[in-house]
Amino acid sequence: MVAILTRLFGIHNLELAEDVLQDTLHQALKDWSLGGIPDNPAGWLMVVAKRKAINIVRRERHLRHFAADMDGLLKSGWTDSYTMDQVFLEDEIKDSQLRMIFTCCHPALPAEAQIALTLKTLCGFSIYEIASALLTSESNVNKRLYRAKEKIRQEQIDFAVPSSRDLFVRLDAVLLPVQPHRTARGHRPGRLHERGDAGGPADRRAPPRRSHRPGRLRRVRGRAALGGPPTTGRLITSCTLPSSALAAR
């Protein structure tokens, strides 16, 4: 969801995209507690987030700039709704996810910041969960996220998939957050695949369903790695096994 909203607002408005997501989830918590969970929760969230996004665009079209290639379209009353609808199409959603993961794993960012930003924006991990996975403090994670966002803003890093010439050069960085053997600090990140099964005090353990979030991340990486070297395919396959085993249990 953050990736789609960032595609609209621009990477320089990443915090705005995160705010819209939080507002959408808050409304879901309120509405669903009264009327029950809808038949299509994901679709409900998409519709509500899109409505909130277009309200923000119309309210702030003269106050802020949005994604460079969409700014003019979003600021026009004739094309804003159509542009919004196009961005929320399935193929465009996948494209936005790829853009987000390559932006989070941009070589201008330190490796540990890349991992933290990827887990926060694409997986929806909490600060506590990221800190536990990386064996660091929540304060350090917050600092890494803040510095990474400032770096992206200051260096005007593009929200884009790299060209074919640079694609495979950057693929290792994109795969790093789900590698089963090491992270930037050298420890095994097996807990990223089993966050709901183990790790952390009992009162703060993530529910088992959360372990599917890395699965979504792996699928994004799978699309990024199409046509890549054989080791990439084997890595993605091996990373998929833990969540499958958890589901079987």
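A short reminder: the numbers here are calculations on the coordinates, not readings from a lab. Predicted model, so just to flag it, every value in this text is computed and none were measured. Here the Cβ positions follow ideal geometry from the backbone for every residue, glycine too, while neighbour counts run over all protein chains shown.
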Added length on full extension, which subtracts the Cα-Cα distance from 0.36 nm per residue, Arg61 to Tyr128: 20.6 nm
Apply 1/(1 + (r/R0)^6) to the Cβ-Cβ distance of Trp78 and Asp31, taking R0 = 30 Å, and write down the FRET efficiency to the nearest 0.05. 0.40
At q = 0.24 Å⁻¹, base-10 log of I(q)/I(0) for segment 58-114 (Debye sum, equal scatterers on each alpha carbon): -0.95
Pairs Lys50/Lys94; Lys30/Lys120; Lys52/Lys120; Lys50/Lys75; Lys94/Lys143; Lys75/Lys151: which exceed 25 Å Cα-Cα? Lys94/Lys143; Lys75/Lys151
Taking 8 Å as the Cα distance limit and 6 or more residues as the minimum spacing, I'd like the relative contact order of segment 1-88 as a percentage. 35 percent
Mind checking the full-extension length gain between Gln22 and Asn40? Use 0.36 nm per residue of separation minus the Cα-Cα distance, one decimal, nm. 4.6 nm
Taking 4 °C and 1.567 mPa s as the conditions, I'd like the Stokes-Einstein D for segment 1-88 in µm²/s, using the Kirkwood hydrodynamic radius from alpha carbon pairs. 97 µm²/s
For segment 84-168 the GluC sites (Glu not before Pro) that pass both the DSSP coil test and the at-most-12 other-Cβ-within-10 Å test are Glu155
Write down the Å³ per residue value for the convex hull defined by the alpha carbon atoms of segment 65-173. 125 Å³
Kindly provide the chymotrypsin sites (Phe, Trp or Tyr not before Pro) of segment 29-83 that DSSP labels as loop, not H, G, I, E or B, and whose Cβ sees at most 13 other Cβ atoms within 10 Å. Trp78
